[in-house]
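Take a look at the structure below.
The values are calculated or read from the model by the stated rules, or taken from the named source; none is laboratory data. Given the structure is predicted, the values throughout are model-derived calculations rather than measurements. Note: ideal-geometry Cβ built from the backbone for every residue, glycine included; neighbour counts use all protein chains shown.
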Amino acid sequence: MQKIARFIVLVFIFTIPWENAFTFSTLGSLARIIGLGAAGFWVISVIVRTRVRKLQFFHFVVFFFVLYNMASIFWTFDYEWSYARLKTYSQIGILAWILWDLFTTSESLRAALQAFILGGYVVIASTFYNFISGQTISQWEYGRFSGAGQNAVELGLILSLSLPVAWHLATTQREGLGSNVMKLINFAFIPAALLAIILTASRTALITIIPALLYIIGTMHRIRPIFRFLVFIMFILAVFIGQSFVPTATLERLGTIGSSIAVGDLGGRMVLWKESLSIFQEHFLIGIGSGALNASSQLGGAAHNTFLSILTELGVIGFLLFLGVLAIVIFRAINQPKSYSILWLTVLSIWIFGVQSLTYEYAKSTWFFLNLIVISAAIYNRNNAFIEDQAIAGKSWARLGAARPMPSGKD
């Protein structure tokens, strides 16, 4: 039963990048339906096993943050928005517990990451289809494309977060049935995702890919010299080929990132941030209620900044709780062998840059990665007997460019 529950959770993870592609009027999104099914099987598996994995301090801080969001319905300025957010955060709390209980080995962790990458392919394919068919994100946004019902900026962030993960999976793939196929899938994801990010014309995404590219360059030693040269050639070709068919309007919008920062406009976000701060000053302790910034009596929409959104809606108390969650995650990311520590710090850097222009504190992608970093720390912590340096050096293992196997941890 536990294996069945884990498989369904993997299917759920696969749907996270494209969760908005299919929605049903009464049941909600497809991801939500699968998530409910996964939760049900997980509960059954816990009953059958008569035990559940012991939670860590991180989970209790997450639960306190979730409970505080839910409790804000008692002082919210908009009951309907807070009630909707209450349901979302209850799912986030359950997701944290399920992931921690079911994903306890290096193989299961890799499977979760791989499922997310495969889900990213769905978003990429949908974006390419919309580009080929000329379907921009709106009649006013010429040269901007998205896919699978995702907001263009959110899509850019999801794919940016996926870039270092795909590279990590490709360059640390072990020998085994279908391993070369998985390497190709993960290597191919990188240029495909970069092109999709460019098509979104998201200036935020243009910044978030910088840590990802630095990570790839910094870990190029994992592949053999001949393949490093091929990667360089492919990158140059991609730049020249991309310029020939990427719409001029897309490139022109990406080129305005410097002027947008210089004038302090940032796509109109500066005005929203100032208004949010004004609301915060009036309700600085407990905030106006989770999701209440969307109320017409308040901001009337999202703050387009995750930290500012939490500060305004949940006040100083909720903001400190969220900072506590992030502090624990950062500590756990650091306290891992070098290869994993760099990977997770890169992911966190991308997320921090990306959420400066997104209200993303209740997004499944956010909590998926935060939880997986903690899970990874439990598998690959520095106190484990299995250390990165114990990997067999010089083993003739690599195919398709991988230099040597990376640590898998004790299962």
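Under the condition of being free of Cβ contacts under 8 Å to residues at least 60 places away in the same chain and surrounded by fewer than 15 Cβ atoms within 10 Å (Cβ to Cβ), which residue from the stretch 60-78 is nearest to residue 300 (Cα to Cα)? Even if it seems obvious, please write down each step before you answer.
Taking the stretch 60-78 and keeping what is free of Cβ contacts under 8 Å to residues at least 60 places away in the same chain, we get 60, 63, 66-67, 71, 74.
Applying the additional criterion that residues be surrounded by fewer than 15 Cβ atoms within 10 Å (Cβ to Cβ) yields 60, 67, 74.
Working: 60: 32, 67: 24, 74: 20 Å.
It comes out as 74.
Read through the list (1) within 23 Å of the chain's Cα centre (by Cα); (2) modelled with pLDDT of 90 or more; (3) not in a helix (DSSP H, G or I), then give the number of the only condition that residue 77 fails.
The number of the failed condition is (1).
Looking at the stretch 182-194, is at least one residue more than 17 Å from residue 248 (Cα to Cα), in a helix (DSSP H, G or I) and of a type in the set (Lys, Arg)?
Yes, some residue in the stretch 182-194 is more than 17 Å from residue 248 (Cα to Cα), in a helix (DSSP H, G or I) and of a type in the set (Lys, Arg).
Evaluate the stretch 35-50: report whether one residue or more is closer than 22 Å to residue 123 by Cα, crowded, with 17+ Cβ neighbours inside 10 Å and either outside the structural domain of residue 367 (by TED's automatic domain parsing) or not hydrophobic (A, V, I, L, M, F, W, C) (or both). Can you show your working first?
So in the stretch 35-50, the residues closer than 22 Å to residue 123 by Cα come out as 35.
Retained after the next criterion (residues that are crowded, with 17+ Cβ neighbours inside 10 Å): 35.
If we keep only those that are either outside the structural domain of residue 367 (by TED's automatic domain parsing) or not hydrophobic (A, V, I, L, M, F, W, C) (or both) too, we end up with 35.
Yes - at least one qualifying residue is present in the stretch 35-50.
Scan the stretch 1-34 for residues that are under 18 Å from residue 365 (Cβ atoms) and either in the same structural domain as residue 96 (by TED's automatic domain parsing) or outside any helix (DSSP H, G or I) (or both) and jot them down.
19, 20, 21, 22, 23, 28, 29
Might you check whether a residue that is crowded, with 23+ Cβ neighbours inside 10 Å and of a type outside the set (Val, Ile, Thr) occurs anywhere in the stretch 213-231?
No; the residues of the stretch 213-231 include none that is crowded, with 23+ Cβ neighbours inside 10 Å and of a type outside the set (Val, Ile, Thr).
Of all the helices (runs of 4 or more DSSP H) wholly in the stretch 237-310, which have at least 2 residues that are modelled with pLDDT under 70?
Because the criterion is at least 2 residues that are modelled with pLDDT under 70, the helices (runs of 4 or more DSSP H) in the stretch 237-310 that meet it are 248-254, 257-262.
Rundown of residues vs (1) within 17 Å of the chain's Cα centre (by Cα); (2) in a helix (DSSP H, G or I), yes/no style:
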residue: 88; (1), (2): yes, yes
residue: 99; (1), (2): yes, yes
residue: 107; (1), (2): no, yes
residue: 116; (1), (2): yes, yes
residue: 124; (1), (2): yes, yes
residue: 131; (1), (2): no, yes
residue: 137; (1), (2): no, no
residue: 144; (1), (2): no, no
residue: 147; (1), (2): yes, no
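Take the stretch 31-49 and flag every residue that is farther than 14 Å from residue 10 by Cα and either in contact with a Phe, Trp or Tyr (Cβ under 8 Å, 6 or more places away or on another chain) or among the charged types (D, E, K, R) (or both).
Listed by number, the list holds a single entry, 49.
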